[in-house]
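Enquirer: Structure below; questions to follow.
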Amino acid sequence: MSVAYMVACMIRNCHPRRLGLFLFLFFLNTLSAAEFEKSFRAAVSDFVRSLDVTQTESCMRPLEGKQRWRMQYTGGQRPGIQINQLNPKQRKLLERALQVVLSPYGWKMANEVAKQDAKNSEDPLGKYWITCFGDPRKDDFAFRLAEHHLTIVHLEVAHGETKEFGPILLGANPPSLWKVDEQLLLAAWKNMDNKTALMKDKKGVASKAMTEGEGVMFCELSVPAQTAIKAAFQRRLNLFTKPLIDRIYKLHQARGGWEKSKVAFYNEVPTKRSIEGGRWDFKCG
C-alpha cells in the first residue's frame, strides 16, 4: 500500500530571536522523475568517490539504522563528515550534488542561514555535516546535509525513485531572513473569518503532524487567506529545483490537494513577526 504523509510550511516563532521554517514531505508512493534520480545519484556518487578512506568511514553509514532516523534541530556533532574536512575539489563536487536539489534561490538562502550562524571569521558552511546512508554507487541510499538552523537535503533514492524527501529546516537567528514568509502568514491570519484555526497556548511541534481536531479546512477560508497561504507554500517550494517542485505538487494532488488540506496556528495570536516578539507557529497539512 502506498503511503504519504505531509506537513507543509511549518513556521515556528517560539523564541523572539529565532525563527524556524520547516517543510516536511515524507512519501513512499512512487512518482516518476527518472532523470532527477539519475542526476542526483550520479552527483552523490562522484562526491563519495572523491573521499579518502578515513573520510569515507566518517561519511558513509548503513542505510537502515537509528542514526538515519534521528532528527536533531539544535547545533552539535552528528554522524557524517563536516564540510570543513573536504578539500576544494571535494567541496565543489558536494555543491554540485546539492544544486541538483536546490534552486539558485535555495542555494543562496542556505548560504545566508549559514552565514548568520557562523562565528567570527569561520567558514559559514564548514561546520555542517554530510552523511550518506547506503552506497549511491550501487545500492539504495539516503543523503543528508544538516546542522543548526539548516537541514536542506534529506533524500532517499530506492529502486531508482525518490522514496523519501524531508524534513527541510531553514531557520534564522536573528529572525531576519524570512520576512516575506512571515508576512504572508500574518496576512492569512488577518483575513481568516474562522479564528478557531488558532490552537491557543499550544506549541506546534515541528516533528509531529496536526492531530485530530486541530485546525480548519483550507477550502473554508476566505479567498485572501487562501491566496496568502498558497503564496507562502510556493515560497517554500521555490527553494528547490523544478523536478522536486513538480513532484511535490503531484503528491499534494494525489492526497487531495488544497480541498483536503487543513491549516492551524499555534501558541499566541499571530499579529507580529518573530523579530518583533511574535510567538506563534503555523502548520498546513
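Enquirer: Would you mind finding the one in Glu259, Glu214 that is outside the structural domain of Gln99 (by TED's automatic domain parsing), touching a helix residue (DSSP H, G or I) at 6+ places or on another chain (Cβ under 6 Å), in contact (Cβ under 8 Å) with a residue 40 or more places away in the chain and acidic (Asp, Glu)?
Expert: Testing whether each residue is outside the structural domain of Gln99 (by TED's automatic domain parsing), touching a helix residue (DSSP H, G or I) at 6+ places or on another chain (Cβ under 6 Å), in contact (Cβ under 8 Å) with a residue 40 or more places away in the chain and acidic (Asp, Glu) leaves just Glu259.
Enquirer: Filter the stretch 220-279 for residues that are among the basic types (Lys, Arg), part of a helix (DSSP H, G or I) and modelled with pLDDT under 90; which is nearest to Ala187 (Cα to Cα)?
Expert: For the stretch 220-279, the residue satisfying everything is Arg236.
Every residue, every condition in (1) closer than 23 Å to Tyr105 by Cβ; (2) more than 21 Å from the chain's Cα centre (by Cα), yes or no:
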{"position": "Asp181", "(1), (2)": "yes, no"}
{"position": "Leu185", "(1), (2)": "yes, no"}
{"position": "Phe218", "(1), (2)": "no, yes"}
{"position": "Ala264", "(1), (2)": "no, no"}
{"position": "Val269", "(1), (2)": "no, yes"}
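Enquirer: Give me the helices (runs of 4 or more DSSP H) completely within the stretch 13-90, filtered to those with at least 3 residues that are hydrophobic (A, V, I, L, M, F, W, C), more than 30 Å from Arg273 (Cα to Cα) and at pLDDT 80 or above, ordered by residue number.
Expert: Fully inside the stretch 13-90 and qualifying: 34-49.
Enquirer: Then there's this: Would you be able to tell me the number of residues in the stretch 101-114 that are buried (at least 20 other Cβ atoms within 10 Å of the Cβ) and assigned to a helix (DSSP H, G or I)?
Expert: Total satisfying the criteria: 6.
Enquirer: Can you tell which of Phe133, Phe165 is touching a Pro at 6+ places or on another chain (Cβ under 7 Å) and at pLDDT below 90?
Expert: Working: Phe165 fails: touching a Pro at 6+ places or on another chain (Cβ under 7 Å).
Phe133 is the lone residue from the list that is touching a Pro at 6+ places or on another chain (Cβ under 7 Å) and at pLDDT below 90.
Enquirer: For the stretch 244-266, which residues satisfy the criterion of being crowded, with 19+ Cβ neighbours inside 10 Å and not aliphatic (A, V, I, L, M)?
Expert: Arg247, His252, Ser261, Phe265, Tyr266
Enquirer: Cβ-Cβ below 7 Å, separation at least six or inter-chain, first residue in the stretch 99-116 and assigned by TED's automatic domain parsing to the domain that holds Asn84, second of a type in the set (Lys, Arg) and surrounded by 13 or more Cβ atoms within 10 Å (Cβ to Cβ): which pairs?
Expert: That search, which allows pairs on different chains as well, returns nothing.
The values are calculated or read from the model by the stated rules, or taken from the named source; none is laboratory data. These numbers come from a predicted model, not from an experiment. FYI the Cβ positions are ideal-geometry reconstructions off the backbone, even for glycines, and counts take in every protein chain you see.
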